[in-house]
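What follows is calculated from the coordinates using simple rules that are stated; it is not laboratory data. Small disclaimer: the values here were computed from a predicted structure and weren't measured. With ideal geometry, Cβ positions are generated from the backbone for all residues, glycine too; neighbour counts draw on all protein chains shown.
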């Protein structure tokens, strides 16, 4: 199973000079400037994730008949 995080190894042990969160209608990111003159940014990309299910409903508990693979919509594209 893949890890639920991404390790940014290049930033390990560096001292942070400045960290900003940038919000713009066309671009969002977290930018980090280090004291050694390097920088790193992480783009924030809005997305919607859907995971359909086919179910049997009625009296009592709902029974899941099929789980579909999750789909991610990034900027209006599936």
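What distance in nm separates the two pseudo spin-label positions at residue 28 and residue 8, each 7 Å out from Cα along the beta-carbon direction?
1.6 nm
Compute the label zone of residue 16 within region 35-67: residues whose backbone N is under 18 Å from the point 7 Å along Cα-to-Cβ.
From region 35-67, the list is 35-44.
Do you know the relative contact order of the chain, to the nearest whole percent, from alpha carbon pairs under 8 angstrom that are 6+ apart? Can you show the working numbers first?
Numbers: 104 pairs, mean separation 15.0, N = 78.
19 percent.
Identify which of the listed values of Cα extents along the principal axes in Å was calculated from the structure shown: [x] 64, 31, 21; [y] 64, 26, 19; [z] 33, 23, 21.
Here the calculated entry is [x].
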